[in-house]
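Colleague: Let me begin by handing over the structure; questions about it come next.
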Amino acid sequence: MTDSPSTPPSGDEPLDGAAKGADDAAKDAKDAAEGASETASGIIETIRHAFDDLAEKATPAVREASARAAELTSAAATKAVPLARKAGEATADASGKLAVKSKAWASDLRASASHDGDAASEAAQDVTKAAGDAADAASDTVTKAADAADDATPPA
């Protein structure tokens, strides 16, 4: 009792309708997916064109902003030169004073070392005096640098 393959067994007619419906649904889904893909591609292409236009229109503005930033940097550097120069001069003056005092202190130490008496006590006093002189010189330097900074600062 073998049925021939060309004739479906009885009761399969509803299956044929379901298969046809499934095929139609698959075709509809495929068409919808292709439509969605085309729509998404169109949207992406539109966005890409918008970004290209934006970049093209923004280029001059970016160049202008960059040029303005360079001008402001140049102006700030130009105004900073006198301040740096005055601070350098104040530091050079203080360094010169410190060098002279240090040289004198070293000479005093050598001279006091040659005396036999209270050399250790004198050396301690000399060290204390030299440290005070160095602190005074450093204070003078800071004061001069601050004054130079105040003088060079442009009014707001």
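The values are calculated or read from the model by the stated rules, or taken from the named source; none is laboratory data. The structure presented is a predicted model; accordingly, all values stated were derived computationally and were not measured. Neighbour counts are summed over all protein chains in view; Cβ atoms, including those assigned to glycine, are modelled from backbone coordinates with ideal geometry.
Colleague: Given the structure, is Ala134 of a type in the set (A, V, I, L, M, F, W, C), at pLDDT 70 or above and in contact with a helix residue (DSSP H, G or I) (Cβ under 7 Å, 6 or more places away or on another chain)?
Modeller: yes
Colleague: Which pairs have Cβ atoms under 9 Å, sit 6 or more apart or on different chains, and link a residue in the range 80-108 that is on the phi > 0 side of the Ramachandran plot to one that is assigned to a helix (DSSP H, G or I) and at pLDDT below 85?
Modeller: Filtered contacts from the range 80-108: no entries.
Colleague: Here's something else I'd like to know. Filter the range 143-156 down to the residues that are surrounded by 13 or more Cβ atoms within 10 Å (Cβ to Cβ) and either at pLDDT 75 or above or under 13 Å from Lys97 (Cβ atoms) (or both) and list them by number.
Modeller: Let us first name the residues in the range 143-156 that are surrounded by 13 or more Cβ atoms within 10 Å (Cβ to Cβ), namely 144-145, 147-149, 152.
Correct list: Lys144 only.
To keep it simple, each residue is scored yes or no on (1) assigned to a helix (DSSP H, G or I); (2) touching an Asp or Glu at 6+ places or on another chain (Cβ under 7 Å); (3) modelled with pLDDT under 75; (4) among the charged types (D, E, K, R).
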site: Met1; (1), (2), (3), (4): no, no, yes, no
site: Pro5; (1), (2), (3), (4): no, no, yes, no
site: Lys27; (1), (2), (3), (4): yes, no, no, yes
site: Asp31; (1), (2), (3), (4): yes, no, no, yes
site: Gly42; (1), (2), (3), (4): yes, no, no, no
site: Arg48; (1), (2), (3), (4): yes, no, no, yes
site: Asp52; (1), (2), (3), (4): yes, no, no, yes
site: Glu64; (1), (2), (3), (4): yes, no, no, yes
site: Ser102; (1), (2), (3), (4): yes, no, no, no
